[in-house]
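What follows draws every value from the coordinates through simple rules; no lab data is involved. From a predicted model like this one, the values you see are computed outputs, not experimental measurements. Cβ placement follows ideal geometry from the backbone for every residue including glycine, while neighbour counts extend to all protein chains displayed.
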Amino acid sequence: MALIILIFEQINQQIMVWLLIAVIGMAFFSYLLVTGIESLAGILNLRDYTFMLIAFPVFSSLPDLIIILLNLVYGGTLGPGMAISAAVGEPFIVVVMGIPAVLTLSLVRYGRRGLRLFNDSKERINRILYIPIIVSVFAYITMIFLAKIYIVIALVAIIITAFYIYARNLKKEVSESVKKMSVMLAIIFIIAGFAGLVLFGKLLVESVIEVSSITKISPFAQSFIVFPLSAAMPEFFASFSLILKGKREAAIASLLGEIVITATLYPALIFAFVNPVLSFAVVFGMVLEIISAIATILISIKTSMIYIMPLDLAVIFLFAIFIL
């Protein structure tokens, strides 16, 4: 605790204010962009399971892609490393923070009955969990151990295989979360969301670099957490809304929909055009996520899903202690 206080005492308060503004701005405009795309898909009657499982995750992960591009443009020599950290941080955020948050909300909202309902639905939920989590594990292992060209080939192969299996085995799960609005309002949301993401994304990149220059916290470690967390907020809010409506499978599917894209396609694009550095802190985070992902699957098969929560709290604690 003393170390954390010491670090924050070193940071200019103005920088922290700008960092907080950037995170909130990214989360808000990510929500606008994703909501606009969801609504436009609903208006155009594109809510069948193929779109929701394949095309929609590509569009809804645009905040992540914008952040990656902004890191490459404004990150300077740190840009490639920050970009790959932001891309591979998304599965960590979703698996280690998102799933426990959904379970916690279900427990708070429905008490023990909420977790009992999750456990009763484990067979269907597991079918949603397996592919995204296994994809993220294989993608992480690929990036840690393979050379650049093989990384690109392997990640493309993984994403094609995952989409094929996912589309064959799952029906629509997240269309319940689509908002209803006019075409004009949906387009305004998309344009405003895109413009806001560019503006606040640039501010966030610059703020992370500034904070890292003052403290000993690696910009790559910050990128692994801060960028994916701000971009993943729309999925978190959508999942929370679905939980409150009692739609457990849809809540998990909404949360995990982007993992296949962010763990494979975006890293493959980064490695294809630049030579990013996987810092030791980020590799450590990836290893923790692999352990958490495998344990999550085993827990969901063998016992009550409530044990996922203390497991992921321990993972977050280990990562926080390590980077500080």
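Miscellaneous remarks
- Once the Cβ-Cβ distance of residue 321 and residue 16 is raised to the sixth power relative to R0 = 25 Å, the FRET efficiency obtained is 0.75.
- 3J(HN,Hα) along the stretch 88-93: 7, x, 4, x, 4, 4 Hz, from the Karplus curve 6.51 cos²θ - 1.76 cosθ + 1.60 with θ = phi - 60°, whole Hz, x for Gly and Pro.
- Residue-by-residue Karplus 3J(HN,Hα) for the stretch 64-77, coefficients 6.51, -1.76, 1.60, Hz, glycine and proline x: 5, 5, 4, 4, 4, 5, 5, 4, 5, 7, 9, x, x, 5
- In Å, descending, principal axis extents of the Cα set of the stretch 184-284: 44, 32, 30
- Theoretical gain in end-to-end length, residue 161 to residue 198 [0.36 nm per residue, Cα-Cα removed]: 10.1 nm
- Amide proton proximity set for residue 277, modelled H, under 5 Å, gap of 5+: 81
- Taking only the alpha carbons of the stretch 228-297, we obtain Rg and Dmax values of 14.9, 45 Å in that order.
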